[in-house]
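Since the structure comes first, as structure tokens, the remarks are kept for the end.
The values are calculated or read from the model by the stated rules, or taken from the named source; none is laboratory data. Just so it is clear, the structure is predicted and the values come from calculations on it, not from any experiment. Here Cβ is always computed from backbone atoms with ideal geometry, including for glycine, and neighbour counts include all displayed protein chains.
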Amino acid sequence: MKTRFFIHIKREDVNEMEHLLKTTLQPVTPRSEYARKLRYRLLDHSVPTVEIYPKGRIHAAILIVVGILSGLILLLTNGRAIISILSSLGILNYFKRQSELKRHTILHNI
């Protein structure tokens, strides 16, 4: 199956769309200070392009704390699921009876 990347549009439709966009959208001029700073940052190669703000450390700390908490919740949930599966299979009841028998024999031997 052949994929079409280009759509053929009539010239009249393009002209109509351009006119609609010109009448609907208002032209915007950037503030001179913004344009000056942008030009300086683009032309000056000594300034790093990524700026590190102090709040980045706070975000990283929050991310670490949330990661640890979600890991703990995951472990607790998995533990409860394993206990539920073992109890539904009767394995936990077997171990419970074995420990009660040991306790019972120890108490009677005293």
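Using the structure shown, decide if LEU86 is assigned to a helix (DSSP H, G or I) and either touching a Lys or Arg at 6+ places or on another chain (Cβ under 6 Å) or at pLDDT 90 or above (or both).
Values: assigned to a helix (DSSP H, G or I): yes; either touching a Lys or Arg at 6+ places or on another chain (Cβ under 6 Å) or at pLDDT 90 or above (or both): no.
No, not satisfied.
Restricting to the stretch 38-58, name every residue that is part of a helix (DSSP H, G or I) and either among the aliphatic types (A, V, I, L, M) or modelled with pLDDT of 90 or more (or both). Spell out the reasoning first.
Initially, the stretch 38-58 is screened for residues part of a helix (DSSP H, G or I), giving 38-43, 55-58.
Residues satisfying the conditions are LEU38, LEU42, LEU43, ILE58.
Is it fair to say GLY79 is under 17 Å from the mean Cα position of the chain (by Cα) and either assigned to a helix (DSSP H, G or I) or not hydroxyl-bearing (Ser, Thr, Tyr) (or both)?
Details: under 17 Å from the mean Cα position of the chain (by Cα): no; either assigned to a helix (DSSP H, G or I) or not hydroxyl-bearing (Ser, Thr, Tyr) (or both): yes.
Taking the combined requirement at face value, the residue does not satisfy it.
From the list VAL14, VAL28, which one is in a loop (DSSP other than H, G, I, E, B), among the hydrophobic types (A, V, I, L, M, F, W, C) and modelled with pLDDT of 85 or more?
On the way: VAL14 fails: in a loop (DSSP other than H, G, I, E, B).
Unique residue meeting the criteria: VAL28.
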